[in-house]
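**Q** Sharing a structure, written as structure tokens. Questions coming.
The values are calculated or read from the model by the stated rules, or taken from the named source; none is laboratory data. Here the structure is a predicted model, which means the values were calculated and not measured. Ideal geometry is used to build each Cβ from the backbone, glycine not excepted, and the neighbour counts take in all protein chains shown.
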Amino acid sequence: MDGVKNIAENKVKPESNKPLKAILDSLKIDPKSVKIIIVKSKYELSIWSGNINIKIYRVVFGHNSKDDKLQQGDMCTPEGIFKIKSKYPHASWSKFMWIDYPTADSWKKHNEAKRKGLIPANAKIGGEIGIHGVPKDCDYAIDSKQNWTWGCISLTNKDVNEIYEVVRVGTEVEIKK
């Protein structure tokens, strides 16, 4: 990627097993500067600061991982630019970082899909999309790329706990095809 400085130049690879907070501390990176970039086609969630790729995690998505979310119940993970709007412990999935889907852009895509007849005229847009862990002892779903959610992004509980410690309400989340 043009203009992207890989953290490997700083002697730490993005795939490092070193905890995210420790990497940020060692590089003197303010957690407020981090951004999350999710690439659905690569099953990756990356933590960035500016043009530095800090760490990469494996993720899975909604049952339909290829398409953009257009309506409630389509099992798709939305694409676009979002922000973390809330974060809290979750009884089933360790932690939950709720993104602000639907955004104005999400509504635009939803309404356009209705106009084109791609979804029913009475379709609802949905919501409650977030980044979370897996049920206890289900890390295999991530390792084997089993898209099991209704549209959320899922990581191992170890990984979601690590990210949860660093991100804040307002952290930008970009989800790409």
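**Q** Those residues that are in contact (Cβ under 8 Å) with a residue 40 or more places away in the chain, surrounded by fewer than 20 Cβ atoms within 10 Å (Cβ to Cβ) and within 15 Å of the chain's Cα centre (by Cα), I need them from region 27-52; list them, please.
**A** Selection gives Lys35, Ile37, Val39, Ser41, Tyr43.
**Q** Give me the pairs: first residue in region 131-146 and without any contact (Cβ under 8 Å) to a residue 12 or more places away in the chain and more than 21 Å from Val167 (Cα to Cα), second residue among the polar types (S, T, N, Q) and assigned to a loop (DSSP other than H, G, I, E, B), beta-carbon distance under 8 Å, and six or more apart or on different chains, which are they?
**A** Taking only residues 6 or more apart or on different chains, the pairs are Tyr140/Gln146.
**Q** Yes or no: region 14-21 includes at least one residue that is within 16 Å of the chain's Cα centre (by Cα) and within 17 Å of Ile99 (Cβ to Cβ).
**A** Checking region 14-21: not a single residue is within 16 Å of the chain's Cα centre (by Cα) and within 17 Å of Ile99 (Cβ to Cβ).
**Q** Okay, next question. Got a sec? Which of Glu128, Glu112 is over 30 Å from Ala22 (Cα atoms), of a type outside the set (Ser, Thr, Tyr) and modelled with pLDDT under 95?
**A** Among Glu128, Glu112, only Glu128 is over 30 Å from Ala22 (Cα atoms), of a type outside the set (Ser, Thr, Tyr) and modelled with pLDDT under 95.
**Q** Within region 128-142, track down each residue that is surrounded by fewer than 16 Cβ atoms within 10 Å (Cβ to Cβ) and under 18 Å from Ile99 (Cβ atoms).
**A** The one that is surrounded by fewer than 16 Cβ atoms within 10 Å (Cβ to Cβ) and under 18 Å from Ile99 (Cβ atoms): Glu128.
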